[in-house]
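Comments concern the structure below.
Computed from the coordinates by the stated procedures, all read-outs in this text should not be read as laboratory data. Treat the numbers as computed from the prediction; the structure is a model and nothing was measured. Cβ sites come from the backbone with ideal geometry, for glycine too, and all protein chains shown count toward neighbours.
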């Protein structure tokens, strides 16, 4: 039921097909983030019209609300959210990190992934606080943000939760590290992640129904020897695919190096997922280095602020709230065929945001996700034609 095929390569970039029980994913592909079983402001009909191939939901958040047992009673996450396409769930490792080291170091889900650098669509919050999680060898104990209750995640327990949710692709529980963690802590966390990975794999093999695939996660921070050790370790285990997570360093250049260290040690015939990266500039760089899947909240998070993607603009973004769009009758992008650009003007979108109308966020999200799906289709075509680097140069020049 799960198969990955590579059709063409252009340097280290590759295009292929990932076959899952709920459909085919043409790679490389953007994975839309639907944390609680919903992509912000979007219906599944919107996603299908846009061409979204795959959605990733969050094990930590779904465990807290509404709970995996209820979702299983409702027929699993696919049926519960009305999405019949490929579906992933992450392990909640990043959320555990956000309750611990993130609070100590002043970084987190909405903070820049690179200290002092640009964010992923949110706002940097440097306030430090008391950790709300305790990590030990057997798992992590944390405090629910909903009711203050104490909860426990173990590698085996998280596999059990994700099996109840029923996603096509699930991830092992890992311990994320901060860019501010030192070498010793990063190494210890990586080694714990490796031990948790083996426990997760054992639990998965003992209980699998043949309809899910398990991805291992490469950790090791921005330390070359740790990334290489982790990639080799995860590649040597019987995972159906790999994710690269944790701290990717203090800069974009560090992230590029992390990928260059890790990817050559992963098995060629398995899909590779990069966790939490997805700006336009990043997409070209990560695909060029051999990434097949990646997820990011930026398209919908930016949509909530009235920020929309456009090729010819600085950082590929326009801010629709700006005064200059007050009387602008043009669509956001005259070359775009999305529902938003086909029916609405910049002036109308600006009016929606200034009036606080929820429709503005929905229309912006539709455009942003359509923009990325269109871009990924063009990237796949460029790889097949051996002209990805030419396309990259063209986009960066504009």
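Numerical summary
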quantity: C-alpha long axis of helix 252-262 to longest principal axis of the chain, angle in °; calculated: 50 degrees
quantity: Pairwise label distance in nanometres, residue 313 with residue 232, each label 7 Å out on the Cα-Cβ vector; calculated: 4.7 nm
quantity: Whole-Å semi-axes of the range 304-397's equivalent ellipsoid (Cα gyration tensor); calculated: 28, 13, 10
quantity: Taking the chain and dividing mean pair separation by its residue count, relative contact order in percent (alpha carbons under 8 Å, at least six apart); calculated: 17 percent
quantity: Helix-only CD estimate at 222 nm, as mean residue ellipticity for the chain, using -39500 (n - 2.57) per DSSP H run (n ≥ 4); calculated: -12000 deg cm²/dmol
quantity: Förster radius 45 Å - calculated FRET efficiency between residue 70 and residue 328, Cβ distance, rounded to 0.05; calculated: 0.45
quantity: Difference of contour (0.36 nm per residue) and Cα-Cα distance, residue 389 to residue 253; calculated: 47.2 nm
quantity: Relative contact order computed over the range 304-397 (Cα-Cα under 8 Å; 6+ residues apart), in percent; calculated: 26 percent
quantity: Contour minus Cα-Cα distance for residue 3 and residue 45 (0.36 nm per residue); calculated: 12.5 nm
quantity: Centre separation in Å (Cα based) which lies between the range 1-41 and the range 259-318; calculated: 13 Å
quantity: Percent of Cα pairs exceeding the 24 Å cut-off, where the set is the range 170-278; calculated: 18 percent
quantity: Calculated over the range 150-207: convex hull of Cα atoms, volume per residue (Å³); calculated: 101 Å³
